[in-house]
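Enquirer: Next up is a structure, given as structure tokens.
The values are calculated or read from the model by the stated rules, or taken from the named source; none is laboratory data. Just so it is clear, the structure is predicted and the values come from calculations on it, not from any experiment. Glycine also receives a Cβ, built like all others from the backbone with ideal geometry; neighbour counts cover every protein chain displayed. These accessible areas exclude ligands, DNA and RNA; they are computed on the full protein's heavy atoms, side chains included. Shrake-Rupley method; radii C 1.70, N 1.55, O 1.52, S 1.80 Å.
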Amino acid sequence: MELMVKNEETEERNDRHQIALLGVVVAFVFINAAALSFARDNRLLFSHFRGPLIWLAVMLLAAVSLSRWRPQRDPLLLPLFGLLTGWGIVLLDRLAPNFLGRQTIWIGVGTAAMLASAILPRSMRPLRRFRYTLLTAGLLILAATLIFGVNPSGYGAALWLPIPLLGQVFFQPSELLKLLLVIFLASYFDERETVLRLSAKSGARFGPLPYLAPLLLMWGFCMILLVWQQDLGAATLFFILFLALLYLATGDWRYLISGTLLLLITSIFAYVVFDVVALRIDAWWNPWPDANDRAFQIVQSLYALANGGIAGQGVAQGFPDYIPVVHSDFVFAAITEEWGLVGALGLVCCFGLLVHRGFRIAISAQRSFDMYLSAGITVLFGAQALLIMGGVTKLLPLTGVTLPFISYGGSSLLVSSIMIGLLLYLSSES
Amino acid sequence: MSEPSSKKLSDIRHQRPSEQILALSRAMLLGFLLICLSLVYWGSLRADEMQVRDDNPRSVEAELRIHRGQILDRTGRILAETVGAADRPIRQYPYPNSGPAVGYYSFRHGTSGIEKSYDRLLRGETLDLWSELIRSSLHRPLQGHDLQTTLDAEAQTKAEALLGSHTGAVVLLSAEDAEVIAMSSHPGYDPNQLDAEFDRLATAEDAPLLNRAIQGAYQPGLILQPFILAAAIDEGLIRLSDEVADANQLIFVNDAPLQCAAEPKEPVTWQEVLKSRCPAPLAELGDLLGRQKLETLFTAFGFSSMPDIPLDSNDLNVDPVDQPSMASIGQDTLTISPLQAGLAWLALTQGGLLQTPRLVNAVQDSEDNWQPVAYGPPSSVRAVSQSSARRVVSAMGTRNDVIEFSSLVLSGPEGNRNSWYLGLTPADSPRYAVVIIVESESNLSIAEQMGRQLLQAAIEIAP
């Protein structure tokens with residue numbers, strides 16, 4: 001009886017927190033939409049509010065549904081999801097308004113998928129049971145991209161599959177593979193963790209090699225496909241995910257060291273072999289001699305950062321358009337230029353908070369699979385944000401991943417939404 | 001042996017790897033912290049250096065956002081204004097012959113003329129520290145201020161038309177305040193077409209971008225005669241009614257023979273020498289005056305320093321007088337610009353005082369209120385005495401209410417001749433002075449007609 005009262009109290013508090021935070025987020029998004037409207041047209045124009053209004057409706061629906069069916073969820077996740085997607089809408093209206101309608105639809109679809117994966121599942125068992133099927137399906141689609149892949153912008157790596165019957169809609173299989181891979185790895189480590197942990201504890205260096213062999217094979221297959229496709233970002237991301245979960249499963253930091261070394265060696269190899277890698281590493285190491293040519297993008301990004309100052313230029317008052325494809329890979333530079341250090345640091349804190357809550361869900365997970373899954377998803381979010389933010393600020397070479405939830409891109413948004421949904425589910429289970 | 005091992009196994013099975021999760025969490029948060037530091041580094045520590053790099057398009061954008069002020073003529077007509085969309089402004093010059101005083105503004109090629117010397121005012125970089133802080137933190141573009149020149153658009157157009165296809169320069173001044181009413185230099189340029197034609201303009205041999213009215217360095221020749229005579233009268237060397245022997249004697253400058261422009265009428269007095277522009281007596285007078293007197297005279301008439309006017313000028317290298325006889329007929333080391341000649345002409349005809357030329361009447365302050373531009377008083381020392389000056393001026397005589405003096409001047413070793421013309425009108429109470437040089441033109445009447453018509457036009461524009 002006492003426990004139930006306590007539960008109800010927690011639930012009420014959850015709802016209050018979520019509503020309060022969402023209120024702040026809604027205010028932020030609409031103030032920025034208004035500012036954009038004034039900056040662009042010197043008056044309030046409905047067209048700048050269409051996206052935010054649809055977003056608001058979707059968020060309210062999500063808030064009500066989660067309160068109703070997932071009262072024990074983590075109350076921070078939905079406001080974070082709302083802030084990032086809402087900010088993304090304003091930013092896309094500012095940077096590439098012709099993509100805005102499409103992205104708004106994707107936010108609707110993504111939120112629906114998030115709610116579905118947060119509310120519908122009774123348990124995570126099917127995911128575990130059919131893990132090889134899922135992974136094989138993912139790999140097949142990825143392999144199909146090798147043959148049928150296109151690039152909607154007409155040039156660059158052909159990482160997209162056209163979706164039949166939907167016209168100009170494309171899907172990026174490596175995004176889907178991200179989700180499938182994290183499920184697969186979670187269930188794999190869940191099954192093998194005892195053995196892995198024991199081998200690690202017994203002191204035999206690389207003792208569990210026989211157990212790891214299939215895993216390494218699977219990973220190698222992913223790598224080959226991705227390197228073949230030259231999707232540097234996804235390859236790096238998968239490898240980081242794999243290393244992090246391996247470390248969780250074995251508790252042995254030597255895997256991290258050797259994995260990082262492997263990553264470095266792979267990078268050096270790739271630097272020598274692949275032009276695209278060499279170009280990005282050169283542009284990262286010293287962009288200035290090539291500032292008008294091969295390192296144009298990163299140099300323009302640094303100019304945007306420098307122009308932001310403390311408080312930023314204000315929405316639509318900076319010049320982020322000088323950065324090529326600013327609306328996908330370089331939104332972070334645009335945010336820094338127009339919202340300044342204040343906005344950019346705030347955004348970093350949002351991702352920091354997301355990572356913190358994700359790992360908290362992992363720590364308090366009841367089942368081992370849940371722990372791996374939530375940790376894996378969190379690692380994906382964190383690493384992806386770190387890779388692109390590091391790339392934009394010249395801390396790391398550019399890897400060409402999107403900034404989760406904010407960058408333009410339907411596949412990325414859909415998959416990220418599903419992963420948030422899974423985190424919501426897992427948080428209400430723990 | 002088997003018992004502890006199985007115990008260990010169950011221990012491990014129930015062990016949550018929360019330590020590892022915490023380690024991963026810390027590693028990632030450390031990563032985010034590094035991003036924050038990197039942001040501070042680029043956004044603050046190295047921001048200034050990034051902002052001023054040549055290839056940063058933001059400096060272009062910031063420049064384009066500035067609403068540059070207008071340049072007006074003395075009656076408020078617009079000589080230069082910025083029109084077009086806020087992010088693609090165009091600098092427009094409604095009078096394509098606004099001339100070298102207005103100059104040009106080009107984003108790519110910089111500025112010249114008033115556009116250059118009043119750049120900060122026109123851009124609006126005149127705010128005090130506090131207003132500038134507010135402006136820059138609100139990211140408001142600079143709002144330029146307007147200025148009003150002493151130029152008259154109509155007189156300017158007339159001067160340009162009169163100079164036409166001749167190479168040379170025209171300066172029209174107000175007699176009272178030495179206000180520059182028109183200034184032309186040909187060949188010139190249309191500031192509206194500057195971007196399109198800049199490469200040609202910058203490399204053309206006849207130097208269209210050069211402002212001959214100020215930057216031109218011409219042999220003064222016999223145009224010096226009235227000044228020398230006034231000085232000689234002051235020194236007690238001559239009187240205008242004194243007779244002169246062998247006035248029409250030939251003298252040679254670099255083997256080129258020089259003689260009176262017209263046969264002097266008998267009896268040949270100094271007045272007749274002046275009217276007939278005879279070089280030989282003047283050369284003798286130069287010897288009598290001597291080096292030092294000549295140099296003092298040149299300095300007093302402003303020939304040894306650049307006039308104080310906010311336009312591009314050359315560094316003036318004044319060489320000491322070499323041969324006094326050559327110096328007094330303007331064929332020694334001294335070269336002067338048309339503006340210098342005009343100001344000296346004004347000094348002579350206005351009682352011997354050298355004035356500071358005026359080009360800008362008023363400027364807007366940071367609240368857009370008009371503030372008059374203050375000019376100093378004329379030189380305190382008279383170049384020549386008022387009475388000698390008056391005598392020489394009246395000896396020149398008037399023609400159609402115009403006091404004038406003109407001369408063909410040997411220029412350069414090839415025997416080229418430039419036409420100089422100095423004019424002043426109306427004769428009894430002068431209001432306008434004009435100085436004209438036409439390069440390589442041995443028909444003096446061309447410059448004379450030009451000068452008379454311009455003075456006539458000036459009187460008609462503002463009777």
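Enquirer: Enter the mean number of other protein chain beta carbons within 10 Å of the beta carbon of each residue in A:241-249, as an integer.
Expert: Details: counts 0, 0, 1, 6, 2, 0, 6, 8, 2.
Mean shielding count: 3.
Enquirer: To the nearest 10 square angstrom, how much accessible area does A:Phe405 have with a 1.4 angstrom probe?
Expert: Here the residue's solvent-accessible area equals roughly 10 Å².
Enquirer: Sticking with this one: Convert each backbone phi in region A:239-250 into a coupling constant with the Karplus relation 6.51 cos²θ - 1.76 cosθ + 1.60 (shift: θ = phi - 60°), then list the ³J(HN,Hα) values in order as whole Hz, x for Gly and Pro.
Expert: 5, 5, 4, 4, 4, 4, 5, 4, 5, 4, 6, 9
Enquirer: Then there is this: Could you run the Karplus curve 6.51 cos²θ - 1.76 cosθ + 1.60 with θ = phi - 60° over region B:178-188 and give me ³J(HN,Hα) per residue in whole Hz, x for Gly and Pro?
Expert: Along region B:178-188, the couplings run 6, 6, 7, 9, 8, 8, 10, 9, 10, x, x Hz.
Enquirer: Then there is this: Skipping prolines and chain starts, which residues have an amide H placed within reach, meaning under 5 Å, of the one on B:Ala362, given they are 5 or more residues away or on another chain?
Expert: B:Gln148, B:Val373
Enquirer: Say the dipole of chain B comes from +1 at the beta carbon of Lys and Arg and -1 at that of Asp and Glu; which of B:His145, B:Asn56, B:Leu24 then lies farthest toward its positive end?
Expert: The listed residue farthest towards the positive side: B:Leu24.
Enquirer: Also, quick follow-up: Using DSSP to define loop residues, name the chymotrypsin sites (Phe, Trp or Tyr not before Pro) in region A:9-83 whose beta-carbon has at most 10 other beta-carbon atoms within 10 Å.
Expert: Numbers: sites: A:Phe28, A:Phe30, A:Phe38, A:Phe46, A:Phe49, A:Trp55, A:Trp69, A:Phe81; in loops: A:Phe46.
Here the sparse-neighbourhood loop sites are A:Phe46.
Enquirer: Sequence-distant or interchain residues sharing an amide H contact under 5 Å with B:Tyr432, placed H: which?
Expert: Those lying under 5 Å, H to H, from B:Tyr432 are B:Ala175, B:Thr425.
Enquirer: If you don't mind, there's one more thing I want to ask. With unit charges on the beta carbon (Lys/Arg positive, Asp/Glu negative), name the residue among A:Met419, A:Ser328, A:Ala249 whose Cα is farthest towards the positive pole of the charge dipole of chain A.
Expert: So the residue we want is A:Ala249.
Enquirer: Which pairs break 32 Å Cα to Cα here: B:Lys158/B:Lys293; B:Lys116/B:Lys158; B:Lys116/B:Lys293; B:Lys116/B:Lys275?
Expert: Working: B:Lys158/B:Lys293 39 Å; B:Lys116/B:Lys158 24 Å; B:Lys116/B:Lys293 38 Å; B:Lys116/B:Lys275 42 Å.
Beyond 32 Å between Cα atoms: B:Lys158/B:Lys293; B:Lys116/B:Lys293; B:Lys116/B:Lys275.
Enquirer: A further question follows. Calculate one ³J(HN,Hα) per residue across region A:97-111 by plugging θ = phi - 60° into the Karplus curve 6.51 cos²θ - 1.76 cosθ + 1.60, and present them in order as whole Hz with x for glycine and proline.
Expert: Calculated HN-Hα couplings, in order: x, 6, 8, 5, x, 4, 5, 4, 4, 4, 5, x, 4, x, 5 Hz.
Enquirer: Moving on to the next point. Count neighbours as other Cβ atoms within 10 Å of each site's Cβ, and list the trypsin sites (Lys or Arg not before Pro) in region A:71-160 that are DSSP loop with at most 11 such neighbours.
Expert: Details: sites: A:Arg73, A:Arg94, A:Arg102, A:Arg122, A:Arg128, A:Arg129, A:Arg131; in loops: A:Arg73, A:Arg122.
Filter output for region A:71-160: A:Arg122.
Enquirer: Now a separate question. Might you report the magnitude of the Cβ-based charge dipole of the protein assembly as shown about its Cα centre, with Lys and Arg at +1 and Asp and Glu at -1, to the nearest 20 debye? Can you show the working numbers first?
Expert: On the way: 65 positive and 84 negative charges, 1271 e Å.
Taking the Cα centre of the protein assembly as shown as origin, the dipole is about 6100 debye.
Enquirer: Residues with beta-carbon under 14 Å from that of A:Glu338, excluding A:Glu338: net charge, scoring Lys, Arg +1 and Asp, Glu -1?
Expert: On the way: positive: A:Arg40, A:Arg94, B:Arg58; negative: A:Asp93, A:Asp321, A:Glu337, B:Glu61.
Net charge around A:Glu338: -1.
Enquirer: Taking each residue of B:55-64 in turn, how many C-beta atoms of other protein chains fall within 10 Å of its C-beta, and what is the average?
Expert: Working: counts 7, 10, 5, 10, 1, 2, 5, 2, 0, 0.
Whole-number average of other-chain Cβ neighbours for B:55-64 is 4.
Enquirer: So how tilted is helix B:338-349 from the main axis of chain B? Cα-based, degrees 0 to 90, rounded to 10.
Expert: Tilt relative to chain B: about 50 degrees.
Enquirer: Which Cα, out of B:Ile336, B:Ile459, B:Leu311, lies furthest along the positive dipole direction of chain B (beta carbon charges, K/R +1, D/E -1)?
Expert: The Cα lying farthest towards the positive end belongs to B:Leu311.
Enquirer: Long-range amide H contacts for B:Ile329: which residues qualify at under 5 Å (H placed 1.01 Å from N, peptide plane, sequence gap of 5 or more or a different chain)?
Expert: Placed amide hydrogens put nothing under 5 Å from B:Ile329.
Enquirer: Let me ask another. Translational diffusion coefficient, Stokes-Einstein: compute it for chain B using the Kirkwood radius over C-alpha pairs as Rh, at 10 °C and 1.306 mPa s, and state it as an integer in µm² s⁻¹.
Expert: Numbers: Rh = 25.6 Å.
Rounded, D is 62 µm²/s.
Enquirer: Quick one: angle between helix B:386-396 and the longest Cα principal axis of chain B, in degrees between 0 and 90, rounded to 10, please.
Expert: In chain B, helix B:386-396 runs at an angle near 70 degrees to the longest axis.
Enquirer: Let me ask you something else. Which GluC sites (Glu not before Pro) does region B:93-197 hold that lie in a coil by DSSP with at most 16 other beta carbons within 10 Å?
Expert: When the GluC sites (Glu not before Pro) of region B:93-197 are filtered for loop state and at most 16 Cβ neighbours within 10 Å, B:Glu125, B:Glu176 remain.
Enquirer: Can you give the translational diffusion coefficient of the protein assembly as shown in µm²/s, computed by Stokes-Einstein from the Kirkwood radius over Cα pairs at 4 °C and 1.567 mPa s?
Expert: 38
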